[in-house]
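Below you'll find the structure, written out as structure tokens, and then a few comments.
We did not get these values from a lab; they are worked out from the coordinates using the rules stated. Computed from a predicted model, the values in this text were never measured in an experiment. All Cβ positions, even for glycine, are placed from backbone atoms using ideal geometry, and neighbour counts span all protein chains on display.
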Amino acid sequence: MGKIMFRLDYLLSWQSMLIFVCLIFIASAIVALKLKPDTFLKSRINVFVSILASVAVLLIGISLIISAATLETTEENTHMMITKTAIDKLWLYPNELLTKSTSANPDFLRSFYYNNPRLNALKTKEASIDTSQSVLQEQFIAIVMIQAWEDYLTLRKFDSTGDRVWLNNFIQWAQSPFLKDYFENLKYNFKDTTIELGDILFEYGQSLPIPTTNPEIYKNTIDQMLKDEKLIKLFEKFGRD
């Protein structure tokens, strides 16, 4: 069975197709040299070539249809895979870091969800003391979140989640004054387009009330953001199908 599949793959390879086309070209040249035009028109070879041409056109049409259907299916599968990857990397992973943090300042962790009443009702028993471990852990979380913004701009053309969903999540992070401080220190490690997106997110995020008791305010804010010329021009740099 393996040998049969190997031979089939070889027969369908571009090298074998090229050899086949060359043989047809050589045979056609020989026939053209041997037969006179008047004789050729009345010959069985002409009938054969005409039928062969018709069959070739039909096969090409079928091939194009199959190729188009295959391409559409491939694109759908690609969009699904990229969407799944985007959700895992840009949303679930940053949140996983927040839940697994052992050294970061509790106020730093809570600042990413000012819309969570239970989380914001918690009180720190005593003032947290910064250590190298806590600062580095906070910085790593900040880097992952800013990188999520950068990856979002890169993947948005292929991701099916939608701008509104991503921006609604990102603007909650942008409410964090701690993340804004880290962003100002780290932003030049990222692309200019990431810096532009970060500036827009913080511009709107820092204007929201803390705590954010009305979830609809995020929707209304995103509506404003999507009409902002700065964001529109930023998206135009990446395009979208």
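Points to keep in mind about this one:
- Counting charges near SER176 (Lys, Arg +1; Asp, Glu -1) among other residues having Cβ under 12 Å from its Cβ returns a value of -1.
- Legend: calculated FRET efficiency, ALA121 to ASN168, from the Cβ-Cβ distance at R0 = 30 Å, rounded to 0.05, equals 0.85.
- Listed residue (LEU155, ALA142, SER132) projecting farthest to the positive dipole end of the range 127-169, Cβ model: LEU155
- The charge dipole of the range 135-203, taken about the Cα centre with unit charges on the Cβ atoms of Lys, Arg (+1) and Asp, Glu (-1), comes to about 180 debye, rounded to the nearest 20.
- Whole-Hz Karplus values for the range 108-119 come out as 4, 5, 5, 5, 7, 9, 6, 8, 9, x, 5, 5 Hz, taken residue by residue from phi with 6.51 cos²θ - 1.76 cosθ + 1.60 and θ = phi - 60°; glycine and proline positions read x.
- When the range 131-241 is described by a simple charge dipole with +1 on each Lys and Arg Cβ and -1 on each Asp and Glu Cβ, the residue from PHE170, ASN220, PHE238 located farthest towards its positive end is PHE238.
- Summing charges over all other residues whose Cβ lies under 13 Å from the Cβ of PHE190, with Lys and Arg as +1 and Asp and Glu as -1, gives -4.
- Added length on full extension, which subtracts the Cα-Cα distance from 0.36 nm per residue, TYR93 to VAL135: 13.2 nm
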